[in-house]
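The structure that follows is given in the form of structure tokens.
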Amino acid sequence: MNKPDFFNKYYKLAIISVTIIFLIFVFFNYNQKIDEENFFLTKSLNRLQSEVNVILNTYEIAADAVFYNVINRNEIKSLIYNSWHFENRRDNFRSLLEFKMKPIYQDLQNYHVRQLHFHFKDGTSFLRMHRPNTYGDNLFGVRESIEYVNTQKKKFVGFEEGRIFNGYRYIYPLEYNNQHIGSVEFSLSFAAVTELLKNNFGGAKAFIIKSDIVEETVFEEEQKNYRTFSILNNYSYDQEIYNRLSSSANELTLKNIKDINLEKKEEIIRKAASEESFIVSTRANSNYYTASFINVQGIDGQHKAYLISYQEDDSLTFINRNFLDTIIISILFLIMTIILLTLIFSNNNKLRFLAHNDQLTEVSNRHHLTAVLEKEYERKTRYNSTFSFIIFDIDHFKSINDNYGHNTGDEILKEMSDLIKKNIRQNDYFGRWGGEEFVIIAAEIDLNSAYQLAEKLRKEIEENNFIENENITASFGVAEIGTAENIDDLIKRADDALYRAKRNGRNRVEVDS
């Protein structure tokens, strides 16, 4: 015996009330979890920035020591001074300077200093210890830091892309006999920064730089040292650092890193557009990971690159496990209620489906089609639109049932229904009118278009192999709603057209205009 309607209403109201309380509880706990996550993410980002600053500041102290104790001596500076004034002997002075600097440069390389570079006061490259045979190019207009040091005669510390390598630069003005003669540059590669961060603080590190900076600044033959960052197409990986991501020594594999990037792609793109430091987090294989993007600025204070740190984050794992434990009991409390509610709605949906659909073919039944006709008619009256009514039935269907049995006839009805559904528009309504008769309510199309649709369906039916060695066909009647016509008249005109199709030989389309 069915429950009274009023009982069902109160029952649903009770379930909704309990669910709302549960959702409110989850909502507040979720917000608390988000606040805790944001706190730890911000703390993690700030910690990484501090770690980077410690490394860069430590190298600045070392660069100062090398400059003031080794390079800023008259023995070295005189070579640059004489090279400037005696151009015909410049190669000799360059070779001598290279010879004197080679031991210290080799020591610097052991401590990750990638470049030791001397420049004349006009910005011309005099000696690159990392590329001794590449010199003579003027760096003003290409390297703002070199121009700044040689025009302002002040030390520069900061990031800048170079003609060969990018790096964190420590550039010092050189003075000899009270005259400014040029500058010397130490460059710490970001490969070194990332390696030091990884060795001291764990995780995996990467470095990406704006691609347009690479294209505008780096020698063309050196641009092979970069590869496009797939998530941010306007950035490029430092190839040396990227290769290290594949190393088995990393806590995170290259696949882990690619999965994090893909999972958070949209968020990374959105946040990177601000050109500020940011951090994203994601969950993979029951663990939580963060990707911290540290903004690297150039001499002009503008964003140039990102230092990226990928880390497994135990704090996020702890926070989320606590949140999960908090709501499990509440979920268990709701399970039986949700099951019951699901059963109720499932039964209602089944009844609704049976009320609107034909049990055999599962397309709309006559009751539902009649309701659709009334809605289309109301829309036509209100908006002065149009629609057409197509009715068709299977030719000689009784003979098919007699010769092949009713089961075969039922299979044909179902197969034909599937065939029609595949060949009508999404906004057309199709259903079984009764027996072997079917109807299509074609919204927003006139008689000519409806005829073309019917003719297309007729051919599809004729060409379909329903039964081996048996040609199954159908006859169609088509009518468009008239200006002052009611639904019954429309149906009768389409029905009359169908009977004309039968009389005129079947397997054809007739219209009633």
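Considering segment 237-286 alone, what residues qualify as being of a type in the set (Ser, Thr, Tyr) and more than 18 Å from the chain's Cα centre (by Cα)?
TYR237, TYR242, SER246, SER247, SER248, THR253, SER277, SER286
Turning to a different aspect of this structure: Taking only segment 67-110 into account, find how many residues are in contact (Cβ under 8 Å) with a residue 60 or more places away in the chain and either of a type in the set (Gly, Ala, Ser) or closer than 23 Å to ILE164 by Cα (or both).
5
A further question follows. Considering only segment 35-57, state which residues are loosely packed, with under 13 Cβ neighbours inside 10 Å and over 29 Å from GLU160 (Cβ atoms).
Result: ASP35, ASN38, PHE39, LYS43.
Within segment 84-101, how many residues turn out to be buried (at least 17 other Cβ atoms within 10 Å of the Cβ) and either of a type in the set (A, V, I, L, M, F, W, C) or more than 27 Å from ALA62 (Cβ to Cβ) (or both)?
Matching residues across segment 84-101 total 5.
Consider GLN109 carefully, then state whether it is more than 25 Å from ASN178 (Cα to Cα) and out of contact with any strand residue (DSSP E or B) (no Cβ under 8 Å at 6 or more places or on another chain).
Here the answer is yes, as GLN109 does meet what is asked.
Here are THR337, THR317: which of them is touching a helix residue (DSSP H, G or I) at 6+ places or on another chain (Cβ under 8 Å), of a type outside the set (Lys, Arg) and surrounded by fewer than 18 Cβ atoms within 10 Å (Cβ to Cβ)?
Result: THR337 is the single residue among THR337, THR317 that is touching a helix residue (DSSP H, G or I) at 6+ places or on another chain (Cβ under 8 Å), of a type outside the set (Lys, Arg) and surrounded by fewer than 18 Cβ atoms within 10 Å (Cβ to Cβ).
Just to check your reading of the model, which residue among VAL439, VAL478 is surrounded by 14 or more Cβ atoms within 10 Å (Cβ to Cβ), touching a Gly at 6+ places or on another chain (Cβ under 8 Å) and among the β-branched types (Val, Ile, Thr)?
VAL439
Given the criterion at pLDDT below 95, assigned by TED's automatic domain parsing to the domain that holds GLU376 and under 44 Å from the mean Cα position of the chain (by Cα), identify the matching residue among ASN469, ASN427, ASN486.
Of ASN469, ASN427, ASN486, the one residue that is at pLDDT below 95, assigned by TED's automatic domain parsing to the domain that holds GLU376 and under 44 Å from the mean Cα position of the chain (by Cα) is ASN427.
Say whether the condition of being part of a helix (DSSP H, G or I), buried (at least 20 other Cβ atoms within 10 Å of the Cβ) and within 48 Å of the chain's Cα centre (by Cα) is met by at least one residue in segment 102-112.
yes
Still on this structure, please answer the following. (1) in contact with a strand residue (DSSP E or B) (Cβ under 7 Å, 6 or more places away or on another chain); (2) at pLDDT 95 or above; (3) under 26 Å from ASN465 (Cα atoms): which one isn't true of TYR404, the others all being true?
Among (1) in contact with a strand residue (DSSP E or B) (Cβ under 7 Å, 6 or more places away or on another chain); (2) at pLDDT 95 or above; (3) under 26 Å from ASN465 (Cα atoms), the lone unmet condition for TYR404 is (2).
OK, next. Could you say which residue among LYS210, LYS198 is buried (at least 18 other Cβ atoms within 10 Å of the Cβ) and in contact (Cβ under 8 Å) with a residue 60 or more places away in the chain?
Being buried (at least 18 other Cβ atoms within 10 Å of the Cβ) and in contact (Cβ under 8 Å) with a residue 60 or more places away in the chain holds for just one of LYS210, LYS198, which is LYS210.
Okay, next question. How many residues, within segment 79-95, are under 55 Å from the mean Cα position of the chain (by Cα), under 16 Å from VAL184 (Cβ atoms) and not basic (Lys, Arg)?
Final tally of qualifying residues: 2.
Hey, another quick one. Quick one: would you say ILE390 is modelled with pLDDT under 90, of a type outside the set (D, E, K, R) and surrounded by 12 or more Cβ atoms within 10 Å (Cβ to Cβ)?
No; evaluated as a whole, the condition is false for this residue.
Return the only residue of ILE327, ILE268 being of a type in the set (A, V, I, L, M, F, W, C) and crowded, with 18+ Cβ neighbours inside 10 Å.
Among ILE327, ILE268, only ILE268 is of a type in the set (A, V, I, L, M, F, W, C) and crowded, with 18+ Cβ neighbours inside 10 Å.
If the requirement is being hydrophobic (A, V, I, L, M, F, W, C) and exposed (fewer than 12 other Cβ atoms within 10 Å of the Cβ), which of these qualifies: LEU360, LEU419, LEU369, LEU343?
Of LEU360, LEU419, LEU369, LEU343, the one residue that is hydrophobic (A, V, I, L, M, F, W, C) and exposed (fewer than 12 other Cβ atoms within 10 Å of the Cβ) is LEU343.
Also, quick follow-up: Of the conditions (1) over 23 Å from ILE299 (Cα atoms); (2) touching a Pro at 6+ places or on another chain (Cβ under 9 Å), LYS153 satisfies every one except a single condition; which number is it?
(1)
Next question, about the same structure. So which residues in segment 167-180 are crowded, with 24+ Cβ neighbours inside 10 Å and farther than 17 Å from LEU108 by Cβ?
Of everything in segment 167-180, just one residue is crowded, with 24+ Cβ neighbours inside 10 Å and farther than 17 Å from LEU108 by Cβ, namely LEU174.
Go through segment 131-146 and give me each residue that's surrounded by 17 or more Cβ atoms within 10 Å (Cβ to Cβ) and not aliphatic (A, V, I, L, M).
Once the filter is applied, which keeps residues that are surrounded by 17 or more Cβ atoms within 10 Å (Cβ to Cβ) and not aliphatic (A, V, I, L, M), segment 131-146 yields TYR135, ARG143, SER145.
So, one more: If I filter segment 230-253 for residues that are of a type in the set (A, V, I, L, M), modelled with pLDDT under 90, touching an Asp or Glu at 6+ places or on another chain (Cβ under 8 Å) and within 13 Å of ILE308 (Cβ to Cβ), do I get at least one hit?
Yes; the residues of segment 230-253 include at least one that is of a type in the set (A, V, I, L, M), modelled with pLDDT under 90, touching an Asp or Glu at 6+ places or on another chain (Cβ under 8 Å) and within 13 Å of ILE308 (Cβ to Cβ).
Restricting to segment 271-289, what's the tally of residues that are assigned to a strand (DSSP E or B) and either surrounded by fewer than 14 Cβ atoms within 10 Å (Cβ to Cβ) or not β-branched (Val, Ile, Thr) (or both)?
7
Scanning for something more than 19 Å from THR217 (Cβ to Cβ) and more than 40 Å from the chain's Cα centre (by Cα), does segment 134-146 turn up at least one residue?
no
Taking interchain pairs and intrachain pairs at least six residues apart, which have beta carbon atoms under 7 angstrom, with the first residue in segment 355-375 and farther than 19 Å from PHE389 by Cα and the second of a type in the set (A, V, I, L, M, F, W, C) and assigned to a helix (DSSP H, G or I)?
Note: pairs meeting the criteria are LEU360/LEU413; THR361/LEU413.
The values are calculated or read from the model by the stated rules, or taken from the named source; none is laboratory data. Keep in mind that this is a model prediction, so the values were computed, not measured. Cβ atoms come from the backbone with ideal geometry, glycine included; neighbour counts cover every protein chain shown.
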